[in-house]
1. Can you work out ³J(HN,Hα) from phi for every residue in segment 16-24, in order, using Karplus 6.51 cos²θ - 1.76 cosθ + 1.60 and θ = phi - 60°, giving whole Hz and x for Gly and Pro?
2. Projected onto the charge dipole of the chain (+1 at Lys/Arg Cβ, -1 at Asp/Glu Cβ, origin at the Cα centre), which of Val11, Gly83, Val196 gives the Cα projection farthest towards the positive end?
3. How large are Rg and Dmax for segment 114-203 when only the alpha carbon atoms are used, in Å?
4. Using Cα pairs under 8 angstrom and six or more residues apart, how large is the relative contact order of the chain, in percent?
5. To the nearest whole percent, what portion of all C-alpha pairs in segment 155-243 is separated by more than 20 angstrom?
6. Could you list the square roots of 5 times each eigenvalue of the Cα gyration tensor of segment 41-181, that is, the equivalent ellipsoid semi-axes, sorted largest first and rounded to whole Å?
7. Return the equivalent ellipsoid semi-axes of the chain as a descending list in whole Å, where each equals the square root of 5 times an eigenvalue of the C-alpha gyration tensor.
8. Check cross-link reach from Lys122 to the aspartates and glutamates: straight Cα distance under 19 Å, and skip same-chain residues fewer than eight apart.
Amino acid sequence: MTNKYSITSSVTLYDAGPGGTIKIPVLFNYFQGVTGAHANSIGFGGSDILRKGYSWVISRYRLSVLKLPSLYDKFTITTWRSGENGYFAVREFIVTDEEKNILMQATSSWMLMNIFKMVPVKPSDLFPGYPMNSERALDDKFPPISEISRIEYEKEFSVRKSDLDMNRHVNNSVYTSWIIETGEDINGEKALKDIVINFKSETRYGENVISQASGNKEDGRIIHRLIGKNSGKELTRGITEWQ
């Protein structure tokens, strides 16, 4: 069994945003795709574990951007499991160009859930011998994200059916897009350099989501929060940094 897995792709017309570079939410979809492909390649695919009553839930992402690939650029995403922390599996990502230069680095934390009992399960209990590599793409210990002390910006989004995944939950990349759009509105022409996202609760079709932000426009660091307008639940916290 291999410790790392890679896919190579290129930035298509529908992947690119304003300026011609890949959209960050699209990149998170690629991360989810390469994670699934890696798991399938070693016999731990999502459909296999779902039949047994288990599913992965993404808890945390941290992404550092050095350079975004542009339209038609080829890029390679390499992923691997770096360890386990209680009920959480830690997974790394590195994005490189054709010359093997690092474009982006990311780390993530995933919780394994028993979907019938709705309780977490230690990944090593269900997947003994899962191949790991202790190398980290980003040395991040996933510290808590501070609460917003003062709401300085707010924007509302409606959950569309196209935002839902196969489990009828809002896909994690959609939460990411709501946070990034708020940051873009605040920071104008600055580019995203770092994003941390903590997914705290799910939302579904029919809900309206309020994206709130607070921060210093001059230094480019913004704290974010997503809440359900109808439920009042906090859905996500995040931090973005712009240059």
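Laboratory data are not the source of any read-out in this text; all were calculated from the coordinates shown. Every value quoted in this text rests on a predicted model; they were computed, and no experiment measured them. Note that each Cβ is placed from the backbone with ideal geometry, even for glycine, and that neighbours are counted across all protein chains shown.
1. So the J values, rounded to whole Hz, are 8, x, x, x, x, 9, 5, 7, 4.
2. Gly83
3. Rg then Dmax for segment 114-203, in Å: 17.4, 48.
4. Working: 520 pairs, mean separation 44.3, N = 243.
Contact order relative to length: 18 percent.
5. Working: 1214 of 3916 pairs.
Summing the P(r) of segment 155-243 above 20 Å gives 31 percent of all pairs.
6. On the way: eigenvalues 131, 109, 59 Å².
Working from the Cα gyration tensor, I get semi-axes of 26, 23, 17 Å.
7. On the way: eigenvalues 149, 108, 56 Å².
They are 27, 23, 17 Å, listed from largest to smallest.
8. The reachable aspartates and glutamates, counting only those whose Cα sits under 19 Å from Lys122, are Asp48, Glu84, Glu92.
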